[in-house]
Amino acid sequence: MSKESRQEYKRRWQRENKDKVKAARERYLNKNRETIAKRSQEWRKNNPEKLKELKPHWHRMSTYGITKEEYEEKLRFQKNKCAICGHEPLKGQKRLCVDHCHSTGLFRGLLCQSCNRGIGLIGESKEKLIKALIYLKWDPYKD
């Protein structure tokens with residue numbers, strides 16, 4: 001059995017001690033808040049094109065844990081179309097929305113804004129969706 005490298009040990013220790021790592025990170029951020037803010041502001045000022053390219057990916061990564069590569073792979077798999085209705089993003093919409101399960105946080109797929117809002121407004125409830133389907137089948141003028 002090979003000896004664990006220092007880097008492997010560090011990664012394992014960090015996985016096993018997430019609370020300690022988080023506390024240390026918060027202490028560092030609080031102690032160096034002004035320096036970090038100044039450095040970030042300067043980088044944004046000097047790299048406007050890079051910032052424009054990376055900003056949506058930062059949001060997806062921090063909110064959903066999805067890398068740029070994972071997003072683009074899913075986009076290719078779905079042929080740049082909504083997983084529900086099959087339409088491409090609308091003219092004013094640049095990208096498809098990341099759909100995730102609110103109870104588990106797991107990434108499901110990419111949706112257009114309309115389908116994403118529809119699922120959200122119905123509260124991700126399968127029962128409500130079934131009731132909505134039944135309602136849509138019902139024709140009040142036939143009865």
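Brief remarks follow.
- Subset of the range 42-87 (residues that are among the hydrophobic types (A, V, I, L, M, F, W, C) and either in contact (Cβ under 8 Å) with a residue 40 or more places away in the chain or part of a helix (DSSP H, G or I) (or both)): W43, L51, L54, W58, M61, I66, L75, F77
- Qualifying positions in the range 28-52 - farther than 25 Å from K94 by Cβ, charged (D, E, K, R) and surrounded by 10 or more Cβ atoms within 10 Å (Cβ to Cβ): K31, R33, K38, R39, E42
- Residue match in the range 111-122 (condition: assigned to a helix (DSSP H, G or I) and surrounded by fewer than 10 Cβ atoms within 10 Å (Cβ to Cβ)): yes
- Options Q41, Q78, Q7: the member that is at pLDDT 90 or above, over 30 Å from N116 (Cβ atoms) and among the polar types (S, T, N, Q): Q41
- Some residue of the range 80-98 being closer than 26 Å to K126 by Cα, in contact with a Phe, Trp or Tyr (Cβ under 8 Å, 6 or more places away or on another chain) and surrounded by 14 or more Cβ atoms within 10 Å (Cβ to Cβ): yes
- S114 falls short on exactly one of the conditions (1) touching a residue at least 12 places away in the same chain (Cβ under 8 Å); (2) under 23 Å from L54 (Cβ atoms); (3) over 13 Å from the mean Cα position of the chain (by Cα), and that condition is (2).
The values are calculated or read from the model by the stated rules, or taken from the named source; none is laboratory data. Just so you know, these numbers come straight off a predicted model, no measurement behind them. Quick reminder, even Gly has a Cβ in these numbers, built from the backbone with ideal geometry, and neighbours come from all protein chains shown.
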